[in-house]
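Peer 1: This is the structure, below, for whatever I ask next.
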Amino acid sequence: MTFKAFLFSFSLLAVYPQVGVMAASKNLCDDMVASGKSTDEQIAKCIAKFGESDFYKEAQQKKKWQQEENAAKSSEEAAKKANIQAKKFTSADLDEAGFGKPFFAIRVDYSNIYKPKEKRITEGDSLCQYLGYEKALKSIVSAEIMPGEANKNGFIIDTTLFGSVKSEPEMYVDKDEKYTVRKYEEITCAKVSSKEIKGTADELNKVAEDLIVLNERINAPKATDRTGVNDGPRKPAGDKSSTPFGYKREENQDNATMAK
């Protein structure tokens with residue numbers, strides 16, 4: 001490059017600043033926006049006097065693109081939500097589906113009374129799939145049911161070795177009658193209405209089941225309203241007229257009481 005060519009190039013740079021510098025140029029109005037202490041009206045008046053800087057124009061364009069992107073995401077999310085169908089199955093619905101028998105949800109093992117172990121014997125998703133849906137959103141399970149009441153008196157829904165839900169429920173069997181169980185009182189299930197809307201199934205799978213457990217034990221002895229002490233003979237268990245360890249009031253004690 002000759003000395004004259006160098007001078008010509010330098011003069012061009014002086015007259016026409018670089019494009020990158022032009023794109024980043026600001027004015028007073030941009031400072032007012034950045035301060036966060038100016039109203040829209042004040043900024044508009046500034047722009048009316050000094051014009052929109054290149055920086056302001058770029059910022060407005062980016063803001064527009066972001067708004068369009070957010071609107072597209074919101075529309076997509078709304079479409080996904082509208083594509084999910086949910087239904088609540090009440091106790092009566094479950095009774096109908098189980099031919100009058102309950103579906104057992106949890107088994108409680110009291111082998112160690114200080115640390116009872118609970119096992120989910122019918123997953124919420126499994127019950128929902130049996131009911132024609134895909135995913136359990138919310139489940140309400142009962143208080144504990146005594147072993148004698150539960151044995152062969154309800155169903156469980158198991159899965160295959162490959163994890164798929166069996167199409168037919170199984171009778172719950174506790175031959176030694178040593179476990180209490182909890183049954184489903186209510187369950188809310190959901191499924192995807194249309195497979196054509198992509199991403200809905202993934203969104204549904206992200207939802208965690210809300211499990212509500214009722215605590216009072218079913219068939220447990222109910223407390224009486226009486227506050228006095230009952231020192232009379234205790235009622236024998238079952239149909240037996242007496243028990244070897246039953247309390248018996250002695251006749252001498254009754255006679256002594258009458259004499260007083």
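The values are calculated or read from the model by the stated rules, or taken from the named source; none is laboratory data. All values derive from a computational prediction rather than experimental measurement. In this analysis, Cβ positions are derived from the backbone assuming ideal geometry, glycine residues included, and neighbour counts consider all displayed protein chains. Areas reflect the complete protein model, heavy atoms only, side chains present, ligands, DNA and RNA absent. Shrake-Rupley method; radii C 1.70, N 1.55, O 1.52, S 1.80 Å.
Peer 1: What are the residues in the range 177-192 that are open to solvent by less than 60 Å² (accessible area, probe 1.4 Å) and closer than 28 Å to Ile145 by Cβ, if any?
Peer 2: Looking only at the range 177-192, we keep the residues that are open to solvent by less than 60 Å² (accessible area, probe 1.4 Å), and these are 179-192.
Residues satisfying the conditions are Tyr179, Thr180, Val181, Arg182, Lys183, Tyr184, Glu185, Glu186, Ile187, Thr188, Cys189, Ala190.
Peer 1: May I pose another question? Scan Leu161, Leu131, Leu137 and give me the residue that is under 30 Å from Ser74 (Cα atoms) and either without any contact (Cβ under 8 Å) to a residue 40 or more places away in the chain or not acidic (Asp, Glu) (or both).
Peer 2: Details: Leu161 fails: under 30 Å from Ser74 (Cα atoms); Leu131 fails: under 30 Å from Ser74 (Cα atoms).
Just one listed residue meets the conditions, Leu137.
Peer 1: Does the range 198-208 contain any residue that is surrounded by 14 or more Cβ atoms within 10 Å (Cβ to Cβ) and not in a helix (DSSP H, G or I)? Before the answer, list the steps.
Peer 2: First pass over the range 198-208, keeping only residues surrounded by 14 or more Cβ atoms within 10 Å (Cβ to Cβ): 200-201, 203-204.
Next cut, not in a helix (DSSP H, G or I) only: none.
No: the range 198-208 contains no residue that is surrounded by 14 or more Cβ atoms within 10 Å (Cβ to Cβ) and not in a helix (DSSP H, G or I).
Peer 1: What is the residue count in the range 140-158 for residues that are of a type in the set (D, E, K, R), out of contact with any Lys or Arg (no Cβ under 7 Å at 6 or more places or on another chain) and either assigned to a strand (DSSP E or B) or in contact (Cβ under 8 Å) with a residue 60 or more places away in the chain (or both)? Spell out the reasoning first.
Peer 2: Here is the first cut: in the range 140-158, the ones of a type in the set (D, E, K, R) are 144, 149, 152, 158.
Then drop every residue that is not out of contact with any Lys or Arg (no Cβ under 7 Å at 6 or more places or on another chain), which leaves 149, 152.
Still in the running and either assigned to a strand (DSSP E or B) or in contact (Cβ under 8 Å) with a residue 60 or more places away in the chain (or both): 149.
Count: 1.
Conditions tested, residue by residue: (1) farther than 30 Å from Ala136 by Cβ; (2) in a loop (DSSP other than H, G, I, E, B).
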position: Ile47; (1), (2): yes, no
position: Phe55; (1), (2): yes, no
position: Gln66; (1), (2): yes, no
position: Ala72; (1), (2): yes, no
position: Gln85; (1), (2): no, no
position: Ala92; (1), (2): no, no
position: Asp95; (1), (2): no, no
position: Gly100; (1), (2): no, yes
position: Phe104; (1), (2): no, no
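Peer 1: Here is a further query. Of the conditions (1) touching a Phe, Trp or Tyr at 6+ places or on another chain (Cβ under 9 Å); (2) in a loop (DSSP other than H, G, I, E, B); (3) among the acidic types (Asp, Glu), Glu186 clears all except one; give me its number.
Peer 2: It is condition (2) that Glu186 fails.
Peer 1: Would you mind telling me which numbered condition in (1) among the charged types (D, E, K, R); (2) open to solvent by 70 Å² or more (accessible area, probe 1.4 Å); (3) in contact (Cβ under 8 Å) with a residue 60 or more places away in the chain; (4) within 21 Å of Tyr179 (Cα to Cα) Arg107 fails?
Peer 2: (2)
Peer 1: So which of Lys195, Lys138 is within 22 Å of Gln85 (Cα to Cα), open to solvent by 70 Å² or more (accessible area, probe 1.4 Å), basic (Lys, Arg) and within 18 Å of the chain's Cα centre (by Cα)? I'd like the intermediate steps shown before the answer.
Peer 2: Values: Lys195 fails: within 18 Å of the chain's Cα centre (by Cα).
Within the list Lys195, Lys138, the selection yields Lys138.
Peer 1: Now for a different question. Only one of these conditions is not met by Ser164: (1) surrounded by 12 or more Cβ atoms within 10 Å (Cβ to Cβ); (2) under 25 Å from the mean Cα position of the chain (by Cα). Which number is it?
Peer 2: Checking Ser164 against (1) surrounded by 12 or more Cβ atoms within 10 Å (Cβ to Cβ); (2) under 25 Å from the mean Cα position of the chain (by Cα), the one that fails is (1).
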